[in-house]
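Okay, so here's the structure we're looking at.
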Amino acid sequence: MNEPVFVIHGVANRDPEGFAASVDALRTATGLDMVPVHWGDLGADDRHVTASFPGRTGTPVVPGPRLPGGSGLRDAPDDGWPQVESAVRAWLGTAADAPDSGLRSSPAPDPTVSDGLIDYLADEWTKTEWLRHTDDPALLTEAGRALAETLTERIAPGPGADHGYGGYGGYGGYGEDDGYDGLRGRGEEGADGRLRARLREQLRALDRVAGAAISATLGRVNTVMRTAAAPGTARFLGDVLVYQRHRDRVHARVRETIDRVDPALGRTPDRPVRVVAHSLGGVVAFDMATSAEPLWTSSLVTFGSQPAFFHAIDPRGGLLPPYEGAGPVVLPPSLRRWTNLWEPMDLLAFVTARMFQLHDGTAPVDICVPAPASGLGWGWTHSAYWELPLVAKEIGTAMAAAVG
């Protein structure tokens, strides 16, 4: 008797009408009587998954625990410093060539910098949390410019000094004889120390600003990407997890659908069923056909499916031993024929012949069914099987062999 073919969908299918329409199209393409088996309502609940996402409530993205090298982000060389040093020297040279401002006691900056100050800045650069890991030319150049501007500022000599005029640059008043040590680091030890302290403060402030900007940007990107990917990701991974924990419920749904057609189908070797399954639906059909109380299956066609992958990392149990690598796992007679279709760009599609062997000693048949637009990537090709003429052709061939 030419029994109907039962079609089981994969992950992230919450639309029974849409799935029925896909099965109708496949029925037309193959000429086979097909019955859709919808179990998507038993899958993952993704309504509130965004509550677990970082960044939605302003949570900053901050460096993780320090690594042995002192990095708050990753162990990476401080390649940006040479560009910062070049920017410092270039900006000092530009400032030195600028016209006199006319301000009292404001000599043109000296473009030369002592090796001591450069070494000091280089050492402080390695202590930054964010700047030392950037390779952005604009950010490095602006950091160098800001440090150069700090180098041209006068440093207050301390309490009690005779200042000739009021506050300058927010760092106290200065007179013409304030002991300013200049860019070469000359002069009083106190002035040199204050200049170094000012440079350190400036660099740390720049680092905090860079960190805040990077954190805000990454937080927004994180939220946008997660929110955009949330439905698909939650339903794909969620359905896999739900199935692993509650497979009996999904199996019961498949059994109920078959029973509505004929309660005797699939329960004995002389009344096997024919099954077509996509993605995780192939794992469902495979698990049922190889269980201790199997769904007797005369022909199984899977496409974009993962039984071999799942069995390799988590043996399916039932009547199957684990795959040890020395030879294929022999399948029970309850799964007589198996055709597995896979698309080259579908990252969720796996082959079967190396891992499994049918009970009659033959291997399952793996058939490559390339999609015309494979370049669009797995997100498209994983759902493209339903409309590929070659898929319909191979399904028709496999099901005809099961009846013959």
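Throughout, read-outs are computed from the coordinates displayed, never taken from laboratory work. Worth saying up front: this structure is predicted, and the values here are computed from it rather than measured. All Cβ positions, even for glycine, are placed from backbone atoms using ideal geometry, and neighbour counts span all protein chains on display.
Taking amide H as placed 1.01 Å from N in the peptide plane, VAL330 has its amide H under 5 Å from the amide H of GLN357, each at least 5 places away in sequence or on another chain. Close amide H pairs (under 5 Å, H built 1.01 Å from N) link TRP39 with HIS9, residues at least 5 positions away or on another chain. The listed peptides 260-267, 143-150, ordered by packing as a protection proxy, come out as 143-150, 260-267 (highest mean of other Cβ atoms within 10 Å first).
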